[in-house]
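Just below is one structure, and these are the notes that go with it.
The values are calculated or read from the model by the stated rules, or taken from the named source; none is laboratory data. Quick caveat: nothing in here was measured; it's all calculated off a predicted structure. Positions of Cβ are backbone-derived with ideal geometry, glycine not excepted, and every protein chain shown enters the neighbour counts. These accessible areas exclude ligands, DNA and RNA; they are computed on the full protein's heavy atoms, side chains included. Shrake-Rupley method; radii C 1.70, N 1.55, O 1.52, S 1.80 Å.
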Amino acid sequence: TGESELNAVLQQIADAADTLDVHARPLWLDPIPARITVDALKEACDEERAPGSYPILLGLTDDPGRQRQFPFVVDLANTGNIMLYGSPSSGVDGLLASALYGLVSDFGPKDLGVYIVDFDTGMLSCFAAFPQCGGVVLAGEEERLINLFRLLENEVDTRRRALAQAGLTFDDYL
């Protein structure tokens, strides 16, 4: 038939495996999609939210050495500060928008309050419509930025005094 002996043997092995419904496990997982919606991330995350936690789903992690893919979650209550940075068109704006959307869709205005400073394209101004958003300051709005920082300083001082009067620390507050 012109088929090599090796190919004939391999075909016999493949036919036998099909008959027995025995198949090799793939060597690697499917690639992570280029675009993932926040809702798809939520479906992939099977963890229950612990009381007092503020998890943000930021994406999928690919761990090829362990043959697994899992949601990349950052808990704001336990992580502390986070810095996002990147060059223009690197996706930082989209990542931040996804994180904010995840937060405002998971937490109501009694549990979450955000103020946004967007010195880039203004893409984040759409969050001004959410009740959790106290305001969005855009590039060139110097007076609004000064007022926002004044408001935040006053709020920190008010909370610090209230905690001190109650004999509590910030860790107690969390």
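Worth pointing out:
- Members of the stretch 104-122 that are modelled with pLDDT under 90 and assigned to a helix (DSSP H, G or I): SER105, ASP106
- Residue match in the stretch 19-35 (condition: aliphatic (A, V, I, L, M) and not in a loop (DSSP other than H, G, I, E, B)): yes
- Cross-chain or 6+ apart pairs with Cβ under 7 Å, the stretch 142-161 first and in a helix (DSSP H, G or I), then open to solvent by 100 Å² or more (accessible area, probe 1.4 Å): LEU148/TYR115
- Counted residues, the stretch 6-40 - those being free of Cβ contacts under 8 Å to residues at least 60 places away in the same chain, within 41 Å of the chain's Cα centre (by Cα) and open to solvent by less than 100 Å² (accessible area, probe 1.4 Å): 10
- Test result for VAL137, in contact with a helix residue (DSSP H, G or I) (Cβ under 6 Å, 6 or more places away or on another chain), modelled with pLDDT of 90 or more and not basic (Lys, Arg): yes
Every residue, every condition in (1) surrounded by 10 or more Cβ atoms within 10 Å (Cβ to Cβ); (2) under 21 Å from VAL114 (Cβ atoms); (3) more than 27 Å from the chain's Cα centre (by Cα); (4) of a type in the set (Asp, Glu), yes or no:
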| residue | (1), (2), (3), (4) |
| --- | --- |
| PRO131 | yes, yes, no, no |
| VAL136 | yes, yes, no, no |
| ALA139 | yes, yes, no, no |
| ARG150 | yes, yes, yes, no |
| ASP157 | yes, yes, yes, yes |
| ARG161 | yes, no, yes, no |
| ALA164 | yes, no, yes, no |
| LEU168 | yes, no, yes, no |
| ASP172 | no, no, no, yes |
